[in-house]
Amino acid sequence: MSKTTSVRAAGEVLTHRQTITVMVGLMLGMFLSSLDQTIVSTSIYTIANDLDGLSLQAWATTAYLITSTVSTPLYGKLSDIFGRRPLYLTAILIFLAGSLYAGSVHSMTELAIARGIQGLGAGGLLALALTIIGDIVALKDRAKYQGYFMSVFGISSVLGPVIGGAFAGAETILGTDGWRWVFFINIPIGLAALTVVFLYLHLPAKHVKQKIDYWGAAAITLAIVPLLLVAEQGRSWGWTSAGSLLCIGLGVVGIVAFLLAERRAGDYALIPLRLFRNMTFGLSSLLNFIIGVGMFGAIAMLPMYLQLVKGLTPTEAGLMMITFTVGILTGSITAGRTISASGTYRIFPILGSAILTGAATVMGLSLGVDTPLWVPGAIAVFFGLGLGFCMQPLTLAMQVSVPAKDMGVGTSSAAFFRSMGGAVGTAVFISMLFSLAADKVAAGMKEAMRNADFLKVLKDPAVAGDPANAPLYAFFKNGAGNDSLNDTSWLHQANPALTRPITEGFAQSIDAVMLTAAVLTGIAFVISFALPKKKLTDPKAAAAAESVPAH
């Protein structure tokens with residue numbers, strides 16, 4: 001086959017230009033999904049204040065997380081039955097409806113509902129984009145194309161905080177509250193993606209007569225929703241509270257019910273259990289989850305360090321993370337081109353998890369209050385490189401380890417396990433950070449009170465009379481606890497000599513979290529050696545070759 005064509009179902013081909021055009025539309029859809037995970041993070045404080053619902057802000061994040069995670073495997077399975085194109089167009093339309101609603105809300109309750117609708121669309125955007133590339137592009141070129149998709153993920157994770165901070169910082173844009181553009185910006189991007197996919201993506205019509213696994217869908221919802229709720233809300237509820245224990249119990253019941261439902265459903269299951277008999281699929285799923293926990297938790301810590309300890313604004317922290325994009329671009333493109341040329345993939349998860357483990361270890365041992373900014377900038381490069389080496393090869397391995405009829409399930413499973421890991425890692429590590437910080441800040445303050453120079457500054461009437469130091473004196477009076485650490489917006493306006501015990505406590509806590517992340521990615525490194533030593537082969541291309549008569 002010439003280099004200007006790509007394999008499509010039933011022996012049809014797309015020209016190189018058609019493939020690139022479709023890919024642009026798919027990348028725009030994926031950009032929407034991944035951007036919306038980060039753009040809200042720097043603007044939610046402003047949004048919550050404007051909507052008079054600061055205590056409810058976590059629900060806006062949780063709603064998006066739950067619906068996007070639950071819907072991911074559903075899109076994969078339904079696209080195997082009804083075809084990719086209609087499901088992808090549906091996902092874009094749902095996401096656009098949620099974005100329009102989110103930009104028009106007047107309460108945090110409404111925003112949580114709107115974010116849930118956005119999540120229902122977002123669940124299909126990433127998984128189906130990668131699946132469609134698997135449908136229209138031969139394996140020898142697929143790794144290269146999917147590398148570009150992983151780069152989009154990295155770019156959006158950096159641009160999100162920058163754009164979100166800029167919109168939230170503007171009082172009005174075109175006569176509308178600035179923060180509302182965090183959601184309205186999705187409309188032109190989504191319409192462009194919708195237009196390109198509608199006009200240029202023409203896959204053969206598909207409707208496989210197959211039962212739909214409703215019981216499996218219900219069971220996985222019962223498993224995921226309470227577990228994500230407790231992961232997100234456990235710190236504020238209390239890990240041993242009645243609400244947390246109830247959610248954990250429901251989650252366990254849901255997991256058991258899901259396994260039973262999938263076993264009973266057989267081939268028409270949402271995630272057929274037979275796929276896990278394939279070592280490549282099973283190990284790649286496990287690696288996606290573990291790396292998601294360790295890696296995304298760690299990625300959450302770097303901006304936290306830059307803002308809490310170094311005093312950068314959310315926009316400045318986002319710009320600092322550009323080095324992360326450099327790493328993920330390098331890793332994704334390098335892995336994609338190498339796999340395309342050789343079919344060898346196993347080395348990349350091994351290298352990627354090793355690099356992630358090294359980066360997390362260095363961060364855990366080296367970051368302090370006085371660390372130069374180039375150090376976290378360099379660490380971010382290696383985090384991105386490790387991510388680029390892991391994400392795409394593992395997705396590719398899961399795609400080719402399943403039969404062609406299960407391509408949607410294979411690809412969405414990769415996104416599902418990574419998303420679950422990322423959700424758990426981010427929630428647990430942030431909870432761990434603030435729990436450790438409460439103890440370390442309290443210990444640091446106790447030690448500082450025995451320091452004559454510290455007491456001299458503390459008792460200085462000019463320092464005590466400065467309004468910028470009022471929250472700091474209130475903090476000293478009330479003591480360090482989870483509640484008092486919830487709002488640290490005053491931290492870098494107050495006297496730096498007096499805030500030193502607080503920033504040092506946060507730095508030490510972030511170090512401890514990063515060393516925990518290093519242990520997890522180290523486990524992934526060990527597991528990655530169990531991946532089969534074989535080259536990836538394209539089952540569709542092999543079948544097509546066998547059907548061509550010899551001349």
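Brief remarks follow.
Per-residue answers, yes or no, for (1) in contact (Cβ under 8 Å) with a residue 24 or more places away in the chain; (2) farther than 30 Å from Val441 by Cβ; (3) touching a Lys or Arg at 6+ places or on another chain (Cβ under 6 Å):
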| site | (1), (2), (3) |
| --- | --- |
| Ser342 | yes, yes, no |
| Gly352 | yes, yes, no |
| Gly358 | yes, no, no |
| Met363 | yes, no, no |
| Ser366 | no, no, no |
| Val369 | yes, no, no |
| Lys405 | yes, yes, no |
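- Hits in region 101-158 (condition: of a type in the set (S, T, N, Q) and modelled with pLDDT under 80): Gln146, Ser151, Ser156, Ser157
- Scope region 227-244; condition within 26 Å of the chain's Cα centre (by Cα) and among the hydrophobic types (A, V, I, L, M, F, W, C); matching residues: Leu227, Leu228, Leu229, Val230, Ala231, Trp237, Trp239
- Here Phe184, Phe153 are screened, and the one residue that is within 24 Å of His106 (Cβ to Cβ), under 24 Å from the mean Cα position of the chain (by Cα) and of a type outside the set (D, E, K, R) is Phe184.
- All positions within region 81-119 that are closer than 12 Å to Asp36 by Cβ and surrounded by 24 or more Cβ atoms within 10 Å (Cβ to Cβ): Phe95, Gly98, Ser99, Ala102, Arg115, Gln118, Gly119
- For region 13-50, a residue qualifies if it is in a helix (DSSP H, G or I), among the hydrophobic types (A, V, I, L, M, F, W, C) and modelled with pLDDT under 80, and the qualifying residues are Ile44, Ala48.
- Scanning region 263-295 for residues that are outside any helix (DSSP H, G or I) and either surrounded by fewer than 21 Cβ atoms within 10 Å (Cβ to Cβ) or in contact with a Pro (Cβ under 8 Å, 6 or more places away or on another chain) (or both) yields Leu270, Ile271, Asn278.
- Among the residues making up region 454-475, those that are in contact with a helix residue (DSSP H, G or I) (Cβ under 7 Å, 6 or more places away or on another chain) and touching a residue at least 24 places away in the same chain (Cβ under 8 Å) are Phe454, Val457, Leu458, Val463, Asn469, Leu472.
- Test: residue in region 378-396 that is touching a residue at least 40 places away in the same chain (Cβ under 8 Å), under 16 Å from the mean Cα position of the chain (by Cα) and surrounded by fewer than 24 Cβ atoms within 10 Å (Cβ to Cβ): no
- Entry remark, region 395-411: residues being polar (S, T, N, Q) and either touching an Asp or Glu at 6+ places or on another chain (Cβ under 7 Å) or at pLDDT 80 or above (or both) number 2 in total.
- When each of Leu308, Leu319, Leu287, Leu302 is tested for being over 19 Å from Leu351 (Cβ atoms) and within 16 Å of the chain's Cα centre (by Cα), the lone residue that passes is Leu302.
- Candidates Leu312, Leu365, filtered to the one that is of a type in the set (A, V, I, L, M, F, W, C), surrounded by fewer than 20 Cβ atoms within 10 Å (Cβ to Cβ) and assigned to a loop (DSSP other than H, G, I, E, B): Leu312
The values are calculated or read from the model by the stated rules, or taken from the named source; none is laboratory data. Computed from a predicted model, the values in this text were never measured in an experiment. Note: ideal-geometry Cβ built from the backbone for every residue, glycine included; neighbour counts use all protein chains shown.
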